[in-house]
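A short write-up of the structure that comes next.
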Amino acid sequence: MKKITSYIFVGLTLAAGLCSSCNKKSKDGRTDTYSSGAISFVSDESFSPIIEEERDIFQRDYPQAKVTPHYTNESDAINQLLSGKTWLAFTSRNFKPSELKSLQDKTYRPVALKLAYDALAFIVHKQSNDTLLSTKDIENIMTGKVTKWAQLFKGSKQGNITVVFDNPKSSTVHYIEDSILHGRPITNPNVVAVKKTEEVIKYVEQNPGSIGIIGNNWLNDKRDSSNLTFNKAIRVMSLSRIHPATASSSRKPYQYYIYNGEYPLIRTIYALLNDPRQGLPWGFAHFIEGPKGQRIVMKAGLLPVLGNINVRNVNVSE
């Protein structure tokens with residue numbers, strides 16, 4: 001007998017509205033326009049899958065444009081923007097008031113565009129049966145109050161919990177410190193920071209007692225257009241705002257649970273602009289904000305900021 005599982009599928013309807021704007025004559029030696037030329041930009045590395053998809057389609061649509069990414073951690077990306085080394089940065093936070101004032105004092109006009117909503121996913125080894133966490137559990141793990149799996153799941157034989165981040169200065173670390181620890185630093189002695197998200201996934205695959213924390217745009221099986229299938233090399237934990245976590249109170253980072261706010265760890269992806277000419281950095285950022293860019297966001301398993309969201313039930317035979 002086939003098992004029929006019901007899922008909630010999130011769809012998107014968008015109205016056309018991408019600005020095709022104002023190519024201004026260069027006064028500073030730059031030759032890029034809103035839709036042509038060559039520029040580089042910076043991004044937190046955890047957003048690289050969605051940025052690469054957007055970049056690929058943008059350059060197909062505008063063959064005279066070349067946008068080159070430099071993937072780094074969020075702190076360095078913002079510092080490069082503030083120091084004038086780049087005109088565009090993709091981050092998980094808006095400008096701080098002090099950063100805005102600093103740029104405005106230099107006669108710049110900094111702008112922040114909201115592009116998408118992402119979720120932080122907690123991943124474990126594919127053979128792990130311990131897959132429920134509350135936000136209180138996460139706080140206790142990050143502060144070192146909980147260091148062993150048996151403290152969370154009675155009888156667990158997984159031993160010590162090792163927490164794996166993509167980078168010590170990444171947006172992932174900042175989110176945990178700001179939103180879970182309310183400004184306090186992570187003090188768990190069993191924390192590992194690698195260099196990029198791909199290495200987090202590999203670490204979890206090879207270390208059964210570990211928990212990796214990654215953006216959910218790294219999870220989706222690209223063959224599944226419904227965004228209901230996660231990477232089968234690892235298991236994705238279900239998270240709950242209620243403590244202790246139960247199966248009924250916990251949610252995985254599916255689009256629908258980002259959409260209705262039931263998933264507890266949701267962040268915003270921003271394009272931070274500091275381009276006085278409103279050239280190609282603006283063109284690329286507004287492309288992602290526009291209809292085609294928002295459809296790419298949707299297909300990647302994130303939630304677009306713009307557009308009418310359509311929700312329907314989908315039955316899947318297993």
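The figures follow:
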quantity: Residue-wise HN-Hα coupling along the stretch 250-261, computed from phi with Karplus coefficients 6.51, -1.76, 1.60 (Hz; x: Gly, Pro); calculated: 9, 9, 8, x, 6, 3, 4, 6, 6, 4, 8, x
quantity: For the stretch 142-198: relative contact order, % (alpha-carbon pairs under 8 angstrom, 6 or more apart); calculated: 41 percent
quantity: Peptides ranked, highest mean first, by Cβ atoms within 10 Å: ranges 235-242, 263-270; calculated: 263-270, 235-242
quantity: Heavy-atom accessible surface of the stretch 167-307: percent carbon and sulfur, 1.4 Å; calculated: 51 percent
quantity: Prolate/oblate/rounded call for the stretch 34-127, Cα gyration tensor, a/c under 1.5 rounded; calculated: oblate
quantity: The stretch 175-285: radius of gyration over Cα atoms, expressed as a fraction of 2.2 N^0.38 Å; calculated: 1.30
quantity: Listed peptides 94-104, 163-173 by packing density, highest first (mean Cβ within 10 Å); calculated: 163-173, 94-104
quantity: Cα shape, the stretch 123-201, gyration tensor, a/c 1.5 rule; calculated: oblate
quantity: Flagged links, alpha-carbon separation over 22 Å, of Lys154/Lys195; Lys145/Lys202; Lys126/Lys196; Lys66/Lys196; calculated: Lys154/Lys195; Lys145/Lys202; Lys66/Lys196
quantity: Table column - 3J(HN,Hα) (Hz), the stretch 162-176, Karplus curve with 6.51, -1.76, 1.60, x for Gly and Pro; calculated: 10, 9, 10, 10, 6, 6, x, 10, 7, 5, 5, 4, 4, 5, 4
quantity: Peptides 198-208, 70-80 ordered by average Cβ neighbours within 10 Å, highest first; calculated: 70-80, 198-208
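The values are calculated or read from the model by the stated rules, or taken from the named source; none is laboratory data. It should be emphasised that the depicted structure is a prediction, and the values quoted were computed from it without experimental measurement. Cβ: placed from backbone, ideal geometry, glycine included. Neighbour counts: every protein chain shown. Side chains are part of the model used for accessible areas, which takes the heavy atoms of the whole protein and leaves out ligands, DNA and RNA. Shrake-Rupley method; radii C 1.70, N 1.55, O 1.52, S 1.80 Å.
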